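So the structure is just underneath, and the comments pick up after that.
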Amino acid sequence: MEEKTTGVFTSAMTRRELILTLIWLPIHLLVLPRLAMMLMEKNVIGESQANMLIYGVGALYMVVSCFGFLRRDYDPLCENLLFCLVQIALSYCMMMGFNLCISGILTGVEALLGNGITENLNNEAIMDLARTDSRAITAMAVFLAPLTEEMLFRGAIFGGIRKKNRIAAYAVSMLLFSIYHTWGYAIDDPSYWLYTIQYLPAAYLLCRCYERTNSIWCSIFFHMLVNHISMRMLTILEELL
């Protein structure tokens, strides 16, 4: 089954869908966070509600503006359900192996450079929010964020570039997705750029899952699975400590 699917990538947004999705990228990165910050400063909403606002509006926008794309890519999922499920499970297993290697690399680099960073600040921020409003943050991390991010980084960026250059599609999508999760912290502490590599395995496998299944839904569901298990593991670790 894999032999027939590998190398055949037909999923694609229309020009209109691609433009609408890319237009949302600066809004998602700059406009909505600034709006949320203003509302927080006026005590209109809290930090967990701010995140729900950013990703909730983003997910709604993606569904409304790219419903046709989401509907078209639902067919390959249904037609090759077993294959898609295997790819999602395989991707997760591969990610666990890659993450072990990355953890070893980071530990070695930290020891060599005497880097004081010992925790992923993004994970810490999510857990801090989960302590105050676990249901909202879980909904954001498991359902809203994967839909928004997959449409941006896989559907638009990877899918748009993939038509012209496969290697460039992987490189750009992986790099932007990884930087997206670290730049907010790295601005204040440049040493945190090192932790960009922590997100590269997931970024690669999300692209791979999308490419091999021809369905953005597979990368969305894989992303949901990763975030769900990560949230559960962080919660268990928090309880143990």
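Computed from the coordinates by the stated procedures, all read-outs in this text should not be read as laboratory data. This structure is a prediction, so every number in the text was calculated from the model and none was measured. Note that we place each Cβ from the backbone using ideal geometry, even for glycine, and neighbour counts take in every protein chain shown.
Overall form of region 141-193: oblate. Here a/c, set by the Cα gyration tensor axes a ≥ b ≥ c, is 1.5 or more, and a/b is not larger than b/c. Label sites at residue 71 and residue 183, each approximated as a point 7 angstrom past Cα along Cα to Cβ, lie 3.4 nm apart. Residues whose amide H comes within less than 5 Å of that of residue 120, counting only those at least five positions distant or on another chain, are absent (H built at 1.01 Å from N in the peptide plane).
For region 72-240, place one equal point scatterer on every Cα, skip the solvent, and apply the Debye formula. What is log10 of I(q)/I(0) at q = 0.11, 0.12, 0.15, 0.20 Å⁻¹? With no solvent term, the Cα-only Debye profile gives -0.48, -0.58, -0.90, -1.45.
The HN-Hα couplings worked out from phi for region 219-228 by the Karplus form 6.51 cos²θ - 1.76 cosθ + 1.60 (θ = phi - 60°) are 6, 5, 5, 5, 4, 4, 4, 4, 5, 5 Hz, whole numbers, x standing for Gly and Pro.
Backbone amide hydrogens, once placed in the peptide plane, bring residue 45 within less than 5 Å of 40, excluding anything fewer than 5 places away on its chain.
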